[in-house]
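Chemist: Below are the structure tokens for one structure; questions will follow.
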Amino acid sequence: MLPPGGNSAARWLTWILAGAALLFWVGVLTTGKDWREALRILEGDAKVKSQDRVIAYAHWGLYWGCLLNAVLCTGLAATARWWAAAVRPGHAVSLSKVSRTGWIALFAILILAGTVRWLRLDLSLYNDEAHNFRRYFSGYFQQRSDGTTRWREPSWGETLWLNQVGNNSTPFSVSARLSHAAALRLTGSPVGTVHEVGLRFPSWVAGLGTLLVVWALLRRLLPDSGASWWGILLLGLHPWHVRYSSEARGYSFMMLGVALCLYFALRAWQENRWRWWVAMGLAQFFALWSFSGTLYYLVAFNGLLLVGWIWRIIQSREGLGQLSGPLFGMVVGAMCAVPLLLPMLPQLLKALQTNVSIHGHMGLGWWQDLAGCLVAGVRWVDSDPGNPVNLALGRFLSQQPLLWAGVISSGLLFLVGAIALTRVGSMGRIILLAGPLAVVGGWFAMGRQGNFIHLWYLLHILPGWCVVLAAADPSGKAPVWKRGIVGFLLTVLLAGWLWMDLRFHLLGKEDLRGVAQAIPAGAFHVAAYSDVNIYDRGVTIIEQTSELDPLIARARQENRVFCISFSRKVADPEFEKMFHRIEQGGEFEKIATLWGQEEGQFTHYLYKLR
């Protein structure tokens, strides 16, 4: 536990930083020989195995990360007696105790929130989850030259540092790998089995943890109102949070990191103690480690925090030495991030250049969809109108105009909550502005390069959004009529979100498992543009259209029913000709259509040869 401040803090921090510097210098010496060889491997033209390339990235990144941190810690340790002693700690802020009824209510809300998420845990994996399952969490069956297969499990180095397409959330990947392995052992399932609940359980836990942090944050930020209870309910039932805290992705971990950052920053602002500044920095590191796109939010938040803290120093005339607290907390977070994230940086930069899914224009429709995700957890624009089950806010509003009440309620609550946070003080204004500033900054930075920000990349603003809405609840001293109106608006909004949550339970983004289950037993299954092979080990994936007829001939030779499943993930003219032949050529009959969500590429079509 770090001391609050003064000369005692200077002595403690000097020793801690000196010890850290020693460890980092040892790291530099032990990796000094490896990084040059690693650089040769990375810059060479020779074909290198994935696990060897990942280890090369790790050696390169760890060396330079340790060197940078060693120099930084050495400099900080040598000067700590000047900058650390300047911090003057404040007084701890006491809160009223939670009553027994309060603890029961908290437990009940967690059960409700946990249930709506748990109902989604056993849905089929979809494409991004399937990719991560193969490359980071579990593995895949690899075809040998003799026609047999072997189970190819990712190395722990790949789980920690492989990030070729920019979607490896290391904290989640590690926990999902351990959780999935434990689930397979407990159920006695063989290698290669997909256990969806085991994979998604860490996200579920992190999601409930985020609710508790937001509740604790609002208790401190607005202690005289019921905002903490509304906040945990809002985030607990928000469809966007429900979805991503029940999927095998790292965004639930990232939102937990953001919520912890806000909570520790508030404690640090109120008490100005080293422990809270350091905790804030560590939370920022965890959020960034969980998803690198959080950088936009952290830049906006830290910039606002420093501006607000400098203004506080000017008003109190305490001296610029008081800047040491927040700056040191941010530096601690950065020092943790550098050696762990630097090995991923070259892979991430390459992914930004080569990944076609992030190249595009962010026009009016993009802003409408972001508003839809914040208001209802789904996109506003119906991008797949031919899909009868696609969840889109624009479709719902046209079919059921009564739902406009929820949209209007969210807008009014945001305005009232924004005013309330502005009146709370600097931390309220920082939380209010950080999200919008991060969105605009990210939109401008990515847009000028011709890149596209997927909406789920902006989930870092969701905890702050729910804090703003919850802040609309007035204090206990407000007139009853005012509290009644706000309570009514919040109830309308929550009812709409619960209605949407129940639809999320039934509809996953892509039903790969359903494709495998719909194929008749013993059939010769062929698939195109599909990740169904994580559920169907015997499927043959077509890479070229010329493979279709030989596979049909083989199925006939083996006297087996020929089935083909496909999705339209890529607009390839040759494959479109093949799909046209299947759908309208008369050779095939349709077995089923398994509708996806958001985009047509997640819908799968199943046909059987007549």
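Chemist: Listed highest first by mean packing, meaning other Cβ atoms within 10 Å per residue, what order do 267-277, 458-468 come in? Each step should come with its number before you reach the end.
Modeler: Values: 267-277: 22.0, 458-468: 25.9.
Answer by packing, highest mean first, reads 458-468, 267-277.
Chemist: Moving on to the next point. Near the amide H of THR603, under 5 Å away, which other amide H atoms are found, from residues 5 or more places off or on another chain, if H is placed in the peptide plane?
Modeler: Sorted by chain and number, the residues that satisfy this are ARG568, GLY596.
Chemist: Defining a contact as two alpha carbons under 8 Å apart and six or more residues distant in sequence, what relative contact order in percent does the chain show? Present the calculation step by step, with values, prior to reporting the outcome.
Modeler: On the way: 993 pairs, mean separation 91.8, N = 610.
With pairs under 8 Å counted, the relative contact order is 15 percent.
Chemist: Another question, then. Between GLU576 and SER357, what is the label-to-label distance in nm when each label sits 7 Å out along the Cα-to-Cβ direction?
Modeler: 2.2
Chemist: LYS49 versus ILE16, label points 7 Å from Cα toward the beta carbon: distance in nm?
Modeler: Computed distance between label sites LYS49 and ILE16 equals 4.2 nm.
Chemist: Classify region 300-456: rounded, prolate or oblate, from the alpha-carbon gyration tensor (a ≥ b ≥ c, eigenvalue square roots; a/c under 1.5 rounded; otherwise prolate if a/b is larger than b/c)? Intermediate values should be presented prior to the final figure.
Modeler: Values: a/c = 3.19, a/b = 1.36, b/c = 2.34.
Oblate is the answer for region 300-456, as a/c is 1.5 or above yet b/c matches or exceeds a/b.
Chemist: Related question: For percent of Cα pairs over 40 Å apart, several values are listed as [x] 44; [y] 41; [z] 34; flag the one computed from this structure.
Modeler: Label [z] holds the value from this structure.
Chemist: Still on this structure, please answer the following. For the chain, what is the accessible area per residue in Å², given a 1.4 Å probe and the full set of protein chains? Spell out each step's value before the answer.
Modeler: Details: 27220 Å² over 610 residues.
Value for the chain: 45 Å² per residue.
Chemist: Would you pull out the residues with amide H under 5 Å of ALA592's amide H, same chain only if 5 or more places away, H placed 1.01 Å from N?
Modeler: It is LEU606, by chain and number.
Chemist: Of HIS359, LEU260, LEU95, which is farthest on the positive side of the dipole of the chain, counting Cα position, with +1 on Lys and Arg Cβ, -1 on Asp and Glu Cβ, and the Cα centre as origin?
Modeler: LEU95
Chemist: Would region 202-267 count as rounded, prolate or oblate if I go by the C-alpha gyration tensor, calling it rounded below 1.5 in a/c and otherwise prolate when a/b exceeds b/c, oblate otherwise?
Modeler: On the way: a/c = 3.10, a/b = 1.60, b/c = 1.93.
The shape class here is oblate.
Chemist: Using only the alpha-carbon atoms, how far is helix 196-221 inclined from the longest principal axis of the chain? Give it as 0 to 90 degrees, nearest 10.
Modeler: 20
Chemist: For a label point 7 Å from the Cα of GLN544 along Cα→C-beta, name the residues of region 563-597 whose backbone N is under 18 Å from it.
Modeler: 572-579
Chemist: Next question. What shape does region 39-173 have by the C-alpha gyration tensor, where a ≥ b ≥ c are the square roots of the eigenvalues, rounded means a/c under 1.5, and otherwise prolate means a/b greater than b/c and oblate the rest? Walk me through the intermediate numbers first.
Modeler: Values: a/c = 4.89, a/b = 1.20, b/c = 4.07.
Taking the square roots of the gyration eigenvalues as a ≥ b ≥ c, region 39-173 is oblate.
Chemist: Kindly rank 402-409, 341-348, 576-583 from highest to lowest mean number of other beta carbons found within 10 Å of each residue.
Modeler: On the way: 402-409: 16.6, 341-348: 19.5, 576-583: 15.1.
Listed from highest to lowest mean packing, they are 341-348, 402-409, 576-583.
Chemist: Going by amide H atoms built from the backbone, whose H comes under 5 Å of the H on VAL526, apart from near neighbours?
Modeler: Result for VAL526 returns THR540, CYS563, ILE564, SER565.
Chemist: For a protection proxy built on the mean count of beta-carbon atoms within 10 angstrom, sort 333-339, 155-161, 584-590 highest first, please.
Modeler: On the way: 333-339: 20.7, 155-161: 18.7, 584-590: 11.3.
Ranked from most to least packed, the peptides come out as 333-339, 155-161, 584-590.
Chemist: Rounded to a whole number, what % of the accessible area of the chain do carbon and sulfur atoms account for, probe 1.4 Å?
Modeler: On the way: 17280 of 27220 Å².
The computed percentage sits at 63.
Chemist: Apply the Karplus curve 6.51 cos²θ - 1.76 cosθ + 1.60, θ = phi - 60°, to the phi angles in region 586-600 and return the couplings in whole Hz, x for Gly and Pro.
Modeler: Ordered by residue, 3J(HN,Hα) equals x, 6, 10, 10, 6, 8, 6, 10, 9, 6, x, 10, 6, 9, x Hz.
Chemist: Continuing with the same structure: Taking the Cβ of VAL515 as the center, what net charge do the other residues with Cβ under 12 Å away carry, scoring Lys and Arg +1 and Asp and Glu -1? Can you show the working numbers first?
Modeler: On the way: positive: ARG513; negative: GLU510, ASP511, ASP531, ASP536.
Summing Lys/Arg as +1 and Asp/Glu as -1 gives -3.
Chemist: Right, something else. Do the alpha carbons of any pairs in LYS577/LYS608; LYS49/LYS577; LYS350/LYS509; LYS49/LYS509 sit beyond 24 Å of each other, and which pairs? Working shown, then result.
Modeler: Details: LYS577/LYS608 17 Å; LYS49/LYS577 36 Å; LYS350/LYS509 27 Å; LYS49/LYS509 32 Å.
Result: LYS49/LYS577; LYS350/LYS509; LYS49/LYS509 exceed 24 Å.
The values are calculated or read from the model by the stated rules, or taken from the named source; none is laboratory data. Remember, predicted model here, so these are calculated numbers, not experimental data. Because the Cβ atoms are built from the backbone with ideal geometry, glycine has one as well, and the counts that use them run over all protein chains shown. Quick note on the areas: whole protein, heavy atoms, side chains included, nothing else; ligands and nucleic acids left out. Shrake-Rupley method; radii C 1.70, N 1.55, O 1.52, S 1.80 Å.
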